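As structure tokens, the structure follows; a few thoughts come after it.
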Amino acid sequence: MNNITMLQSASILLLLTALGGLVMAAVRFARKVNPPSWLAMAHGFLAASGLTLLAYAGLTDRVHGAAIAGLVLLAAAAIGGVTMNLGYHLAGKLLPVWLLSLHIALAVVGTLLVAWGAWAG
């Protein structure tokens, strides 16, 4: 598999991750409860898969600079996701809106940068 294919595959995984994230955000904002654990786990698994593939592509060959910038933003979003899961979700605390909003913003921009690097580069 070449790097462009890996970047495109990573961006597809990240877009699927975003769909699950939209559902979880809707649950949190509309119903004012945390999303189900199984959905959070699936979201994290897809995100980790895309992030790992993206990191591998970046470490094995040259990739578009936008994809690297996306990787950095997605890594920051992942830290926020892990914090929400371990610090709030598993403890039965409602996810804080500010952290969820920051997580969403970092993930959206990071995913768009990866997609741009995958198809424009």
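Every residue, every condition in (1) loosely packed, with under 15 Cβ neighbours inside 10 Å; (2) of a type outside the set (D, E, K, R); (3) at pLDDT 95 or above, yes or no:
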| position | (1), (2), (3) |
| --- | --- |
| R28 | no, no, yes |
| S37 | yes, yes, yes |
| A47 | no, yes, yes |
| L53 | no, yes, yes |
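Looking at the structure I just gave you, is L16 crowded, with 20+ Cβ neighbours inside 10 Å and under 11 Å from the mean Cα position of the chain (by Cα)?
In short, no.
Please state which of the following conditions V72 fails to meet, knowing it meets all the rest: (1) within 18 Å of R28 (Cβ to Cβ); (2) in contact (Cβ under 8 Å) with a residue 12 or more places away in the chain.
V72 satisfies every listed condition except (1).
Could you grab me the full set of residues in the stretch 50-108 that are small (G, A, S), over 21 Å from A120 (Cβ atoms) and in a helix (DSSP H, G or I)?
Result: A75, A76, A77, A78, G80, G81, G87, S101, A105.
Might you check whether a residue that is farther than 17 Å from T17 by Cα and crowded, with 22+ Cβ neighbours inside 10 Å occurs anywhere in the stretch 75-86?
Scanning the stretch 75-86 turns up no residue that is farther than 17 Å from T17 by Cα and crowded, with 22+ Cβ neighbours inside 10 Å.
Determine which single condition T52 fails, assuming it passes every other condition in (1) in contact (Cβ under 8 Å) with a residue 12 or more places away in the chain; (2) under 18 Å from Q8 (Cβ atoms).
(1)
Looking at the stretch 87-96, which of its residues are surrounded by fewer than 18 Cβ atoms within 10 Å (Cβ to Cβ) and touching a residue at least 60 places away in the same chain (Cβ under 8 Å)?
L94
The values are calculated or read from the model by the stated rules, or taken from the named source; none is laboratory data. Since the model is a prediction, treat every value here as computed from it, not as a measurement. With ideal geometry, Cβ positions are generated from the backbone for all residues, glycine too; neighbour counts draw on all protein chains shown.
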